[in-house]
1. Farthest toward the dipole's positive end in the protein assembly as shown, which of B:V89, B:N17, B:T105, given Cβ charges of +1 (Lys, Arg) and -1 (Asp, Glu) about the Cα centre?
2. To make sure I understand the rule: partners must be aspartates and glutamates, Cα under 15 Å from the Cα of B:K26, and not fewer than 8 residues away in the same chain. Which ones qualify?
3. Between B:R30 and B:A47, what is the label-to-label distance in nm when each label sits 7 Å out along the Cα-to-Cβ direction?
4. Assuming R0 = 41 Å, what is the FRET efficiency of B:A108 and B:F142, from their Cβ-Cβ distance, to the nearest 0.05?
5. Applying a 10 Å radius around every beta-carbon, put A:225-231, A:34-40 in order of their mean neighbour count, most first.
6. If packing is taken as the mean number of other Cβ atoms within 10 Å per residue, what is the order of B:191-199, A:201-209, highest first?
7. Would you work out the charge dipole size for segment A:88-210 about its Cα centre, treating the Cβ of every Lys and Arg as +1 and the Cβ of every Asp and Glu as -1, and quote it to the nearest 20 debye?
8. May I ask you to compute the full-extension gain from B:E209 to B:E237, defined as 0.36 nm times their residue separation minus their alpha-carbon distance, rounded to one decimal in nm?
Amino acid sequence: MSTAELMETVQPGVDDQAEAALLKVEGLTRVYGDRIGCADVSFSVWPGEVLAIVGESGSGKTTLLNCISSRLTPTCGTVHYRSGDGVSSDIFKMSEANRRRLMRTDWGFVHQNPIDGLRMTVSAGANVGERLMAVGDRHYGNIRQTAIEWLGRVEIDADRIDDQPRAFSGGMRQRLQIARNLVTGPRLVFMDEPTGGLDVSVQARLLDLLRGLVSDLGLAVIVVTHDLAVARLLSDRMIVMKQGRVIEAGLTDRLLDDPRAPYTQLLVSSILQV
Amino acid sequence: MTALADMTDTGKLATYNFAYLDEQTKRMIRRAILKGIAIPGYQVPFASREMPMPYGWGTGGVQVTAAIIGPDDVLKVIDQGADDTTNAVSIRAFFAKTAGVETTTATAEASIIQTRHRIPEMPLTEGQVLVYQVPIPEPLRFLEPRETETRKMHALEEYGLMHVKLYEDIARNGHIATTYAYPVKVEGRYVMDPSPTPKFDNPKMHRSEALQLFGAGREKRIYAIPPHTEVVSLDFEDHPFEVQHFDQPCALCGGEQVYLDEVVLDDRGGRMFVCSDTDHCENRCAAGHRGELAGDDLFDGKDKGVETEAST
């Protein structure tokens with residue numbers, strides 16, 4: 001796949017492969033007054049691939065993620081999403097109703113802190129079932145069955161289905177959040193530091209689980225992380241950000257083994273070798 | 001004709017406008033009511049006024065009633081179905097004083113019925129108006145605390161969250177345990193909180209001949225169900241909506257298929273179940289129906305418990 005080259009030279013609507021992109025971001029800029037959140041970011045995501053956005057704290061990763069997931073309005077630039085029927089449309093020109101429907105059916109958003117992504121006052125089963133009910137499922141037995149299946153897939157025991165997430169450990173909460181997002185079979189999932197705050201062995205299991213789910217379901221994932229190990233394990237491609245700008249992009253293996261930009265070299269050499 | 005006129009006739013300064021509120025306020029409330037009727041189930045914000053009663057005592061209902069009442073109206077006020085509890089008596093007296101209207105306890109004779117938490121057992125007819133006192137108009141409130149978000153959810157018809165609440169009920173209790181303020185969908189569009197009426201009364205709202213108006217004073221919202229409007233209680237396909245059932249008939253009138261209140265008779269576990277709708281119960285008793293505790297000795301007043309029993 002020559003996606004790496006393509007990505008580095010994204011020309012708006014030129015080649016055919018770019019047309020098939022699931023999400024196409026062009027010239028995205030978000031400023032906070034005089035300060036830059038992210039500036040002139042362009043990239044595409046194809047179905048079934050995992051893109052990692054890496055960079056240090058304050059480099060604009062989360063601003064970028066919030067913009068492309070329509071949680072934040074960019075100052076300028078466009079985000080085109082190609083829906084299941086093959087029509088590509090600018091998410092900021094959609095009606096709010098359509099955009100919100102997209103967010104709870106075609107998209108998922110995994111927050112760094114599970115408390116932000118879960119309803120802490122309702123049971124795990126209801127958390128998983130919420131999206132199903134939001135799209136019109138009205139059969140309690142079916143919803144519960146689906147919830148049990150999904151809890152199983154994210155390695156949560158079925159007998160925890162009626163417990164509230166506040167009774168769950170951090171790793172379980174994160175897995176529950178993932179199940180809750182994947183239950184409607186989304187095509188694109190945004191993840192903001194999904195392994196942040198988890199211990200190493202739990203991280204490893206979560207990453208393994210995510211890899212399995214991503215390949216089983218053919219998900220496209222955009223994952224924001226400052227942890228290069230997460231990017232290495234999970235992603236096909238990476239973009240590196242610094243001070244709101246993309247400074248390097250490419251295949252993960254290429255980028256980590258042969259970083260070109262000085263900042264990327266610094267980042268890669270900062271990894272603790274055990 | 002009005003309190004105003006009465007006062008000026010006697011040479012004193014007028015203290016109240018007809019029905020307490022000034023005409024501009026009533027106009028504002030009527031506009032909100034008309035909008036509510038035009039969009040069944042939609043919560044219309046309005047500039048709720050201070051009323052001479054505490055929030056939670058029906059300030060919303062009183063303002064709605066004040067805005068629609070005319071000199072020819074006959075007013076009935078019920079509180080938990082009863083005509084003779086504090087809230088009902090004082091609101092009835094309030095309008096008798098400030099509007100000089102005729103009041104009644106008979107459901108059939110009333111043109112306006114202000115209610116707290118019950119719909120009369122007798123089916124309402126065309127031309128009658130039922131005014132509800134609503135504490136919390138937002139059915140999504142306990143799941144979504146942000147008003148901006150709930151309004152957006154109503155606007156975009158995102159009601160999945162309401163079923164999350166019902167799901168939780170079934171998961172915890174094995175059945176839908178919500179017994180009052182049971183959410184309904186009005187005319188296939190807006191999900192609405194029918195105020196804390198028991199779900200027993202939900203079917204009475206469906207295609208009712210009467211106009212139903214809801215006023216929430218503290219929350220500053222008015223909403224409405226026009227006559228003959230479809231009102232469907234939310235449920236699951238495999239857990240359909242059901243109303244409460246009572247094992248025994250009313251102890252005073254022997255009525256069945258009515259909503260009953262439990263009345264504690266003594267401190268040894270004695271209790272009775274009586275109609276919550278006192279007018280309905282009295283009519284049945286007058287028509288010769290008798291429940292098991294409706295012995296004549298009770299009505300002679302020999303038992304000191306009679307007053308409290310009948311008035312609950």
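1. After comparing all options, I get B:N17.
2. In chain and number order, the partners are B:E50.
3. 1.7 nm
4. 0.65
5. A:225-231, A:34-40
6. Put in order of decreasing packing, that is B:191-199, A:201-209.
7. Roughly 420 debye for segment A:88-210.
8. The span from B:E209 to B:E237 would gain 7.3 nm if fully extended.
Laboratory data are not the source of any read-out in this text; all were calculated from the coordinates shown. Being a predicted model, the structure only gives us computed values, none of them experimental. We place every Cβ from the backbone using ideal geometry, glycine too, and count neighbours over all the protein chains shown.
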